[in-house]
1. Before we move on, is residue 15 in contact with an Asp or Glu (Cβ under 8 Å, 6 or more places away or on another chain) and open to solvent by 30 Å² or more (accessible area, probe 1.4 Å)?
2. Quick one: is residue 95 surrounded by fewer than 23 Cβ atoms within 10 Å (Cβ to Cβ), among the acidic types (Asp, Glu) and closer than 18 Å to residue 152 by Cα?
3. Quick check on the stretch 221-231. Is at least one of its residues at pLDDT 85 or above and surrounded by fewer than 17 Cβ atoms within 10 Å (Cβ to Cβ)?
4. So which residues in the stretch 44-60 are more than 8 Å from the ligand (Cβ to nearest atom) and either under 28 Å from residue 239 (Cα atoms) or of a type in the set (S, T, N, Q) (or both), if there are any at all?
5. Test each condition in (1) open to solvent by 50 Å² or more (accessible area, probe 1.4 Å); (2) over 24 Å from residue 10 (Cβ atoms); (3) basic (Lys, Arg) for residue 165 and report the one that comes out false.
6. Within the stretch 278-364, considering only strands (runs of 3 or more DSSP E) that don't extend past its boundaries, which have at least 3 residues that are of a type in the set (Gly, Ala, Ser)?
7. Looking at the stretch 136-162 only, could you name the residues that are open to solvent by 60 Å² or more (accessible area, probe 1.4 Å) and more than 22 Å from residue 55 (Cα to Cα)?
8. Residue 171 passes all but one of (1) without any contact (Cβ under 8 Å) to a residue 60 or more places away in the chain; (2) over 30 Å from residue 346 (Cα atoms); which number fails?
Amino acid sequence: MIPENLNELVTFKGNIGLAVYDWFYFKEGFSRDLIFWLINEFNLKEKIFDPFCGSGTTLLAAKELNMNSIGIDVSPLAVFASKVKTRNYDLKLIEKEFNELKNARFENSRTDFIDKRIRELFYNKNLEQLVFYWNKIKEIKDEKTRNFFLLALIDVTGQISNTIKVGGSLRKKKKGFINVKRIFLGKANKMIKDLQEFKARKIEPEVMQADARIFRLPKESINNIITSPPYLNKIEYTSVYKLELGLYFQQQETRLRAFISDNISLINEKFSGMPLIAQAYFSDMEKVLANLYDCLKSNGMLCIVVAGGCFPDKVIESDEIIISLAEELNFKLIEKITARKIDCMAFRTKLIGKTRESIIILEK
Ligand SMILES: C[S@@+](CC[C@H](N)C(=O)[O-])C[C@H]1O[C@@H](n2cnc3c(N)ncnc32)[C@H](O)[C@@H]1O
């Protein structure tokens, strides 16, 4: 039976307030209960693969159900968040380090090692406090414990900076002095409470930084795939997470060409007639689908959550195109479910129509 709140399950909303799922706010994520529903409804078995794992919702839900899974993402930030959310921890050690951080006496910290463009996004007094805790975290010897606290700091970094995330962009917003100790330790304390509450499962999924257009798992090694690729012409991941990526990962990410047309020579001519961005996007999706077909066992299911792309003069529905690409590869369409309709705005102001956000169920 299709859940009544499917329109919410395809968004991150259902993860807010859920122990561990909300350790890192990932606007583009879907909700745990969507994964629980898909696994139950289509009788999906381990091993589950998510080639666009984002903040790790699929992997964490599989872990909760005691199922093995594997996830990749091109973004180092997404991979880091997914890993930290799906590890098993030594709670005693975490509590000990938490007390050390709580009792640490603040000292002024140098911030000049940070790129000027990032520094400019902070009030310097706030950045000094942030760097103080960052340095303290770096001193933690146990890697898992260190990464646990680093994710807490990464998650509150946006709040500490003079920026806000609006839609697909990062905007400047002055905020004045912020008590970083209170915000950071508050987040870490909540994460510790979550660990006490979260049903510990031994399984730790494999998480890797990789590009789904190129990455290939061994042939017929996966039972089922649940995933959501970037949406055509939608969120500028690099720009939304510019702050976190620049500060902690000193790295830009490469993306599925929802927006990039960096190598138009790799565009498949069967998409000509579409805007260039769409041609690049579907050429990439075709490669990804071929890789997914290859690694799936026969009768394995591929569940894709995807919405269409909005352009100034038209809407391109991605679900139909992805289905036809999948069918060309010999996938069989089992079901296409419309989860919700999204307004398509041209230049953020003019409504030009609506696009579907769909769940596509395919079988090999
Ligand atoms: C819609 S989000 C997935 C969100 C995820 N379902 C969750 O709940 O957090 C799409 C993800 O695809 C990643 N991505 C974009 N291009 C990619 C590529 N070529 N290979 C692998 N991952 C990519 C982005 O970094 C982003 O995390």
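The values are calculated or read from the model by the stated rules, or taken from the named source; none is laboratory data. Computed from a predicted structure; not experimentally measured. Please note: Cβ atoms are built from the backbone with ideal geometry, for glycine as well, and neighbour counts cover all protein chains shown. In case anyone asks, the SASA skips ligands and DNA or RNA and just uses the protein heavy atoms, side chains included. Shrake-Rupley method; radii C 1.70, N 1.55, O 1.52, S 1.80 Å.
1. no
2. Values: surrounded by fewer than 23 Cβ atoms within 10 Å (Cβ to Cβ): yes; among the acidic types (Asp, Glu): yes; closer than 18 Å to residue 152 by Cα: yes.
Taking the combined requirement at face value, the residue satisfies it.
3. Looking for residues that are at pLDDT 85 or above and surrounded by fewer than 17 Cβ atoms within 10 Å (Cβ to Cβ), one finds at least one in the stretch 221-231, hence yes.
4. Let us first name the residues in the stretch 44-60 that are more than 8 Å from the ligand (Cβ to nearest atom), namely 44-49, 59-60.
49, 59, 60 - these are the residues of the stretch 44-60 that are more than 8 Å from the ligand (Cβ to nearest atom) and either under 28 Å from residue 239 (Cα atoms) or of a type in the set (S, T, N, Q) (or both).
5. Of (1) open to solvent by 50 Å² or more (accessible area, probe 1.4 Å); (2) over 24 Å from residue 10 (Cβ atoms); (3) basic (Lys, Arg), only one is false for residue 165: (2).
6. Working: elements: 296-307, 309-311, 314-316, 332-346, 350-363.
Those strands (runs of 3 or more DSSP E) span 296-307.
7. To start, the set of residues in the stretch 136-162 that are open to solvent by 60 Å² or more (accessible area, probe 1.4 Å) comprises 138-139, 141-144, 146, 159.
Answer for the stretch 136-162, where residues must be open to solvent by 60 Å² or more (accessible area, probe 1.4 Å) and more than 22 Å from residue 55 (Cα to Cα): 138, 139, 141, 142.
8. (2)
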